[in-house]
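*Asks:* Please see the structure below; I have some questions.
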Ligand code: SAM
């Protein structure tokens with residue numbers, strides 16, 4: 001029969017995976033951290049019982065959070081990742097030669113430590129000389145930043161526990177201040193099947209702060225419902241107006257220059273959440 005892990009994605013629905021072994025488990029200062037080896041998806045990081053990333057499907061999320069804003073901005077040099085302690089978004093950010101500095105601010109140093117140990121192909125670029133890793137509250141970092149970043153990516157956990165503040169209008173207003181006058185931000189905004197109200201609220205809050213707001217989607221099999229959304233707030237540049245010459249060669253497994261625009265074509269029940 002073997003050992004099975006279930007993530008309850010709602011009170012009445014979940015995802016179940018067969019586990020080979022538990023690699024590490026501890027209650028950190030901020031959350032329950034589990035690193036397990038699965039039969040189907042390789043090593044998997046869980047925080048408070050929720051799937052964060054797996055060796056098999058991690059590339060989808062990390063490529064789509066990073067490359068859509070970084071190809072939309074004409075010259076992204078200074079980038080901030082809030083959360084993202086597994087290192088996957090940073091790995092993708094560093095594929096852009098224009099990036100001079102990538103700052104990561106994750107509240108929990110244990111996530112960084114155990115991602116380096118058990119997810120080396122995801123966390124391996126955190127030691128790159130262009131990367132500044134800080135352990136701290138992303139909400140406070142944003143509150144203390146002004147006119148500093150070209151692109152900000154919010155790669156946080158769900159709006160529970162330490163990440164509650166990262167889904168507030170005040171945080172998005174802080175992001176706007178932390179960005180330069182032509183900056184762009186992207187945040188993961190959960191799924192339309194089980195958390196439509198969250199998407200509707202994030203879109204509404206971001207729309208009140210940024211001149212241009214967009215929603216795009218990607219398929220992530222281990223995330224609730226498999227249909228994941230990302231919200232973009234942009235002060236100037238439109239991802240749908242990026243010209244062909246901007247797409248430099250890049251090593252990816254999900255993102256393509258065609259998907260850069262196709263990802264914004266939404267099913268009706270999803271686009272209705274942006275109205
Ligand atoms: N891709 C995943 C998702 O969409 O759920 C997120 C992965 S990443 C591991 C999430 C990170 O957010 C965790 O490492 C967690 O410690 C971090 N985090 C949560 N609240 C935070 C805060 N207030 N400031 C900085 N990092 C935070």
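*Asks:* Would you tally the residues in the range 136-154 being more than 9 Å from the ligand (Cβ to nearest atom) and surrounded by fewer than 21 Cβ atoms within 10 Å (Cβ to Cβ)?
*Replies:* Of the residues in that region, 6 qualify.
*Asks:* A follow-up question, please. Of all the residues that make up the range 172-187, how many are closer than 19 Å to residue 137 by Cβ and surrounded by fewer than 23 Cβ atoms within 10 Å (Cβ to Cβ)?
*Replies:* Number of matching residues: 4.
*Asks:* Moving on. Could you say whether any residue in the range 57-71 is farther than 21 Å from residue 175 by Cα and part of a loop (DSSP other than H, G, I, E, B)?
*Replies:* Scanning the range 57-71, I find at least one residue that is farther than 21 Å from residue 175 by Cα and part of a loop (DSSP other than H, G, I, E, B), so the answer is yes.
Residues checked against (1) within 18 Å of residue 28 (Cβ to Cβ); (2) out of contact with any strand residue (DSSP E or B) (no Cβ under 7 Å at 6 or more places or on another chain):
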residue: 97; (1), (2): no, yes
residue: 103; (1), (2): no, no
residue: 108; (1), (2): yes, yes
residue: 119; (1), (2): yes, no
residue: 135; (1), (2): yes, no
residue: 143; (1), (2): no, yes
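*Asks:* Looking at (1) touching a residue at least 60 places away in the same chain (Cβ under 8 Å); (2) more than 17 Å from residue 224 (Cα to Cα); (3) crowded, with 17+ Cβ neighbours inside 10 Å, find the lone condition where residue 74 falls short.
*Replies:* Of the numbered conditions (1) touching a residue at least 60 places away in the same chain (Cβ under 8 Å); (2) more than 17 Å from residue 224 (Cα to Cα); (3) crowded, with 17+ Cβ neighbours inside 10 Å, the odd one out for residue 74 is (3).
Residues are listed down the side, and each one gets a yes or a no for (1) within 22 Å of the chain's Cα centre (by Cα); (2) away from the ligand (no atom under 13 Å from the Cβ); (3) outside the structural domain of residue 179 (by TED's automatic domain parsing):
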residue: 11; (1), (2), (3): no, yes, yes
residue: 15; (1), (2), (3): yes, yes, yes
residue: 30; (1), (2), (3): yes, no, yes
residue: 35; (1), (2), (3): yes, no, yes
residue: 45; (1), (2), (3): yes, no, yes
residue: 73; (1), (2), (3): yes, yes, no
residue: 80; (1), (2), (3): yes, no, no
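*Asks:* Before we move on, is residue 186 within 14 Å of the ligand (Cβ to nearest atom) and in contact with a helix residue (DSSP H, G or I) (Cβ under 6 Å, 6 or more places away or on another chain)?
*Replies:* Yes, satisfied.
The values are calculated or read from the model by the stated rules, or taken from the named source; none is laboratory data. Predicted model only: the values in this text are computed from it and were never measured. Here the Cβ is made from the backbone with ideal geometry for all residues, glycine too, and neighbour counts use every protein chain on show.
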